[in-house]
Structure formats: C-alpha cells, structure tokens
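**Student:** Below you will find the structure I want to go over with you.
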Amino acid sequence: MARLARAEVFSPDEVAVVHVINRVVRRCFLLGTDSLTGKNYDHRKGWIEDILKRYAACFGIDLLGFAILSKHFHLILRSRPDVVATWDNAEVARRWLLLCPIPKDDHGNPLDPNQAELDFIQNDPRKLETIRSRLSDIGW
C-alpha cells in the first residue's frame, strides 16, 4: 500500500516535525568502505554536513538532528512557516537567491545577490508568495 504524499499529511502553513529518510541505490555508498571495490567514501561526510548547514541557514526549516550512515541518512526537520512570515520581502528574496543562485564563483558556490536580482523577485508579488511558501515547506 502506498503512503500518502507529505503534502496530504502536513499543511505547509503549520509547524511540523518530520523524520526524513533517504537511501542510495545500486550498491552505492555515502560513507564507509565498499567491500567490493575497497574504495573509502568517508571524505563525503564533511561535504554532506556542509550542504545541510547551508540549506538550514537559507530555509525556514530547522535541522534538529541528522545521522549519515553508509547507505542512507536520517534527518529530523521542523518547518517554521511562522518564522518565514516575519521575514521582509528583501530577506525572502536574498535567501532564495542563495539557494538558487544566478551567479556562482569558480567553485560553484553562490555569490551574494545584487540589487537587480533582489528587485526582480521583490517586485513580483506572486513570485514572492510562492517563494515564501517554499522556504518553509519540507515537501517542496
């Protein structure tokens, strides 16, 4: 029996605490040593932690806890639409452009958005409303 979609269980307008699990497929490894090839993937732990921290700083979602294992990971997340509602339009646009940057540096890291990019989002109320809801929606 299939599970209900997260959007059918949680309203994006309510604070919710969610346990998220994701796993790799086709005998891939997130961490640890692959017994078949002998290759070690422990260097990825720092990458994954950095990505989680970056996303936690941009979204209106609290990262309450996480565990990264060899073939899967667990996240405990809390959506915070109440906090996102207090952000002004400039903050919403800034956070969105850090998540979905237009300019990037040589290493692929997002550059600080310029005023024209911020204004493009801030001057479109429909786009701003959509982005504001996405910033605290775990399902999105």
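The values are calculated or read from the model by the stated rules, or taken from the named source; none is laboratory data. Predicted, not measured: the structure shown is a model, and the values here were computed from it. For neighbour counting, all protein chains shown are included, and Cβ atoms are generated from backbone atoms with ideal geometry for every residue, glycine included. Remember, those area values only see protein heavy atoms, side chains included, never the ligands or the DNA or RNA. Shrake-Rupley method; radii C 1.70, N 1.55, O 1.52, S 1.80 Å.
**Student:** How far apart, in nanometres, would the label points at ILE76 and LEU4 be if each is projected 7 angstrom from Cα along the Cα-to-Cβ direction?
**Tutor:** Going by the 7 Å Cα→Cβ label model, 2.3 nm.
**Student:** How much of LYS53 can a 1.4 Å solvent probe reach, expressed as accessible area in Å² and rounded to 10?
**Tutor:** 130 Å²
**Student:** Then there is this: At a threshold of 8 angstrom on Cα-Cα distance, excluding pairs fewer than six apart, so keeping six or more, what relative contact order does the stretch 48-126 reach in percent?
**Tutor:** The value is 21 percent.
**Student:** Also: On a straight-distance basis, which lysines could pair with LYS39 in a cross-link, Cα separation under 19 angstrom, same-chain partners fewer than 8 positions away excluded?
**Tutor:** Within the straight-line limit of under 19 Å, LYS39 reaches these lysines: LYS71.
**Student:** Right, another one. Could you identify which residue out of PRO12, PRO110, PRO81 has the top mean-square fluctuation in a GNM of the chain using Cα springs shorter than 10 Å?
**Tutor:** Its mean-square fluctuation being the largest, the pick is PRO110.
**Student:** Same structure, new question: Select from SER35, SER79, SER11 the residue whose mean-square fluctuation is largest in a Gaussian network model of the chain (Cα-Cα springs shorter than 10 Å).
**Tutor:** Of the options given, SER35 has the highest mean-square fluctuation.
**Student:** Roll a 1.4 Å probe over the protein heavy atoms and report the accessible area of ILE48 in Å², nearest 10.
**Tutor:** Taking all protein chains as shown, ILE48 has close to 40 Å².
**Student:** Then there is this: Whole number in Å², please: accessible area per residue of the stretch 28-140, 1.4 Å probe, ligands, DNA and RNA not counted.
**Tutor:** On a per-residue basis, 61 Å².
**Student:** Further question on the same structure: Once you keep just the Cα pairs under 8 angstrom separated by 6 or more residues, what percentage relative contact order results for the stretch 1-99?
**Tutor:** In percent, rounded to a whole number, it is 33.
**Student:** Answer with one residue from ASN22, ILE61, ILE131: the one whose Cα lies farthest towards the positive end of the charge dipole of the chain, charges on Cβ with Lys, Arg +1 and Asp, Glu -1.
**Tutor:** Among ASN22, ILE61, ILE131, the one farthest towards the positive end of the dipole of the chain is ASN22.
**Student:** List the aspartates and glutamates whose Cα sits under 18 Å from the Cα of LYS127, skipping any in the same chain fewer than 8 residues away.
**Tutor:** By straight Cα distance, LYS127 reaches ASP13, ASP88, GLU91, GLU117, ASP119, ASP137.
**Student:** Hey, any idea what % of the chain's accessible area is carbon plus sulfur with a 1.4 Å probe?
**Tutor:** 53 percent
**Student:** A follow-up question, please. So, counting K/R as plus one and D/E as minus one, what does the shell of residues with Cβ under 15 Å around ASN123 add up to?
**Tutor:** Summing Lys/Arg as +1 and Asp/Glu as -1 gives -1.
**Student:** Multiply the residue gap between SER35 and LEU52 by 0.36 nm, knock off their C-alpha separation, and tell me the result in nm, one decimal place.
**Tutor:** Extra length from SER35 to LEU52 when fully extended: 3.4 nm.
**Student:** Next question, about the same structure. Can you put ARG44, ARG54 in order of accessible area, largest first, using a 1.4 Å probe?
**Tutor:** Per-residue accessible area, sorted high to low, gives ARG54, ARG44.
**Student:** For q values of 0.09, 0.19, 0.21 Å⁻¹, compute log₁₀ I(q)/I(0) with the Debye formula on a Cα-only model of the chain, without solvent.
**Tutor:** Taking Cα atoms of the chain as identical point scatterers yields -0.36, -1.16, -1.25.
**Student:** From the Cα gyration tensor of the stretch 1-46, with a ≥ b ≥ c the square roots of its eigenvalues, which class applies: rounded if a/c is under 1.5, or else prolate if a/b is larger than b/c, or else oblate?
**Tutor:** Oblate.
**Student:** So how exposed is HIS43, as accessible area in Å² (1.4 Å probe, rounded to 10)?
**Tutor:** 100 Å²
**Student:** Let me know the shape class of the stretch 68-140, please: from the alpha-carbon gyration tensor, a ≥ b ≥ c as square roots of the eigenvalues, rounded when a/c is under 1.5, otherwise prolate if a/b is greater than b/c, or oblate.
**Tutor:** Oblate, since a/c reaches 1.5 and b/c is not below a/b.
**Student:** For the chain, modelled as a GNM with alpha-carbon contacts under 10 angstrom, which of LEU111, LEU63, LEU128 fluctuates the most?
**Tutor:** Per the Cα network of the chain with a 10 Å cutoff, LEU111 tops the list.
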